[in-house]
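Single-structure report; data block below.
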Amino acid sequence: MEFTHIPVLFQETIDSLQIQPDGVYVDCTAGGGGHSKAILERLSEKGTLIAIDRDPEAIEILQMRLGKYPQARIVHDTFNHIGAVLGETRADGILADLGVSSHQLDTAERGFSFHKDAPLDMRMSKTGLSAYDVVNTYSEADLARILFTYGEEKFAKSIARNIVKSRAEKPISTTFDLIAVIKQSMPQKAMRDAHPARRTFQAIRIEVNGELAQLDTALNDMFAALKVGGVLSVITFHSLEDRMVKQRFREFAQGCTCPKDFPVCVCGKQPRGKILLKGLAPSEQELSENYRAHSARLRSVQKLKD
């Protein structure tokens with residue numbers, strides 16, 4: 001089994017972690033092991049790399065690619081369980097490369113891509129709720145809410161209405177079945193600039209995998225798992241997750257909350273973190289080499305105190 005993934009902002013991300021040879025590092029979304037391998041190559045025999053992924057296919061590949069490194073520990077889990085994975089251990093650096101991997105997009109039968117006809121699936125873990133379940137069992141109101149909230153789709157109500165109408169005749173079983181319904185729900189001019197299914201597929205994928213809910217809790221747990229001086233770096237791929245990361249990093253870095261007209265601080269609040277990178281975007285060269293990098297943003301925060 002091949003597992004290909006082109007990490008975006010690769011060198012910038014590795015540099016942001018400020019890797020120490022004897023340090024402890026966590027790759028929360030290890031995927032094909034690109035970031036993990038680069039970290040391991042910078043570690044001494046005393047260093048540690050914990051590679052986490054929820055996808056069983058990724059775990060299989062990680063075991064093949066990282067198994068020769070005694071410093072590597074591979075964990076099949078979701079990154080919102082980082083507290084349980086680390087226990088009392090504290091990390092010098094933590095990385096989360098969010099979203100769907102190139103392997104998941106390029107493997108047609110996984111059902112992530114709107115460019116390939118495949119069963120509706122979209123499960124990163126290959127278990128539990130599937131895209132088929134969402135499309136064929138959710139109410140019209142819930143479908144519209146998901147498409148609008150997670151996909152920022154302006155035609156959410158129309159798409160949801162036509163999904164319910166179409167599935168009443170027969171189940172919507174494949175990606176192309178769903179795309180046909182989406183195209184019927186949008187005016188022609190709305191389909192000129194981007195693929196009409198992009199926002200709907202994003203929304204359903206987020207719902208299936210609980211991505212935003214997991215990220216919401218994981219950000220606090222990741223920051224808590226850092227040593228003082230440690231760095232948390234997160235790569236985002238759409239505005240919803242980037243907004244969440246940006247806001248949470250601001251909270252970590254916030255100091256005094258006294259009203260501006262107070263002559264002196266009475267709250268005594270000190271910032272727990274220092275923002276190092278504020279939404280770094282890929283270079284023009286990287287964009288020319290990897291079209292999937294266009295929406296990526298890298299944010300980093302350093303822990304100053306517990």
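Over the chain, accessible surface divided per residue gives 48 Å², non-protein components excluded, 1.4 Å probe. Largest GNM mean-square fluctuation among PRO70, PRO263, PRO119, using the chain with Cα springs under 10 Å: PRO263. Rounded to the nearest 10 degrees, the inclination of helix 239-253 to the longest alpha-carbon principal axis of the chain is 20 degrees.
For segment 160-306, the Kirkwood hydrodynamic radius comes to 18.8 Å, computed from all pairs of different C-alpha atoms. In this simple spin-label model, placing a label point 7 Å from the Cα along the Cα-to-Cβ direction at both ALA194 and ARG292 gives a separation of 1.7 nm. With each label modelled as a point 7 angstrom along the Cα→C-beta vector, the GLU251-MET64 pair spans 4.1 nm. A straight Cα-to-Cα reach below 24 Å connects LYS227 with the lysines LYS37, LYS46, LYS246, LYS269, LYS274, LYS278, LYS303, LYS305, residues fewer than 8 places away in its own chain not being considered.
Under the 0.36 nm per residue contour assumption, what length would be gained going from the current alpha-carbon distance of GLN11 and ALA141 to full extension?
Here the segment from GLN11 to ALA141 would lengthen by 42.5 nm.
Roughly speaking, to the nearest percent, how much of the chain's 1.4 Å accessible area is carbon and sulfur? The computed percentage sits at 50. Work out the P(r) tail for segment 1-129: percent of alpha carbon pairs separated by more than 17 Å, whole number. Tail of the P(r) past 17 Å holds 57 percent of the pairs.
Can you tell me what percent of all Cα-Cα pairs in segment 98-224 are more than 16 Å apart? Of all Cα-Cα pairs in segment 98-224, 61 percent lie more than 16 Å apart.
For a label point 7 Å from the Cα of ARG90 along Cα→C-beta, name the residues of segment 205-226 whose backbone N is under 18 Å from it. Answer for this model: 220-226. Rg/Rh for the chain stands at 1.01; both radii use Cα atoms, and Rh follows the Kirkwood definition. Normalising the average separation of contacting C-alpha pairs (under 8 angstrom, six or more residues apart) by the number of residues puts the relative contact order of segment 56-204 at 20 percent.
When the helices of the chain are scored as -39500 (n - 2.57) per DSSP H run of n ≥ 4 and the total is divided over every residue, the value at 222 nm lands at -11500 deg cm²/dmol.
Each Lys or Arg adds one and each Asp or Glu takes one away; over the other residues whose Cβ falls under 12 Å from the Cβ of LYS269, this sums to +1. GNM remark for the chain: springs join alpha carbons under 10 Å apart, and the peak mean-square fluctuation among ASP193, ASP22, ASP97 falls on ASP193. Full extension of the segment from ASP22 to GLU169, taken as 0.36 nm per residue of separation minus the current Cα-Cα distance, would add 46.8 nm.
Considering only ALA156, ALA225, ALA38, the mean-square fluctuation computed in a Gaussian network model of the chain, springs between alpha carbons under 10 angstrom, is largest for ALA38. Remark: accessible surface ordering of LYS305, LYS274, LYS260, LYS165 (largest first) is LYS260, LYS165, LYS274, LYS305, probe radius 1.4 Å.
Around the amide H of LEU276, modelled in the peptide plane, lie the amide H atoms of SER300, VAL301, GLN302, all under 5 Å away and 5 or more residues distant in sequence or on another chain. A cut-off under 9 angstrom between Cβ atoms defines the neighbours of ALA30, and their net charge, with Lys, Arg +1 and Asp, Glu -1, is -3. Among beta bridges from DSSP that stay inside the chain, the antiparallel ones total about 40%.
The distance linking segment 292-306 with segment 192-228 is 14 Å (Cα centroid to Cα centroid, whole angstrom).
Using a/c under 1.5 as the rounded threshold, could you call segment 131-188 rounded, prolate or oblate? The axes a ≥ b ≥ c are square roots of the C-alpha gyration tensor eigenvalues, and prolate needs a/b larger than b/c, oblate otherwise. Judged from the Cα gyration tensor, segment 131-188 comes out oblate (a/c at least 1.5, b/c at or above a/b).
The values are calculated or read from the model by the stated rules, or taken from the named source; none is laboratory data. This is a predicted model, so every value here is computed, not measured. For neighbour counting, all protein chains shown are included, and Cβ atoms are generated from backbone atoms with ideal geometry for every residue, glycine included. Accessible surface is based on the protein model in full, side chains and every heavy atom, while ligands, DNA and RNA are left aside. Shrake-Rupley method; radii C 1.70, N 1.55, O 1.52, S 1.80 Å.
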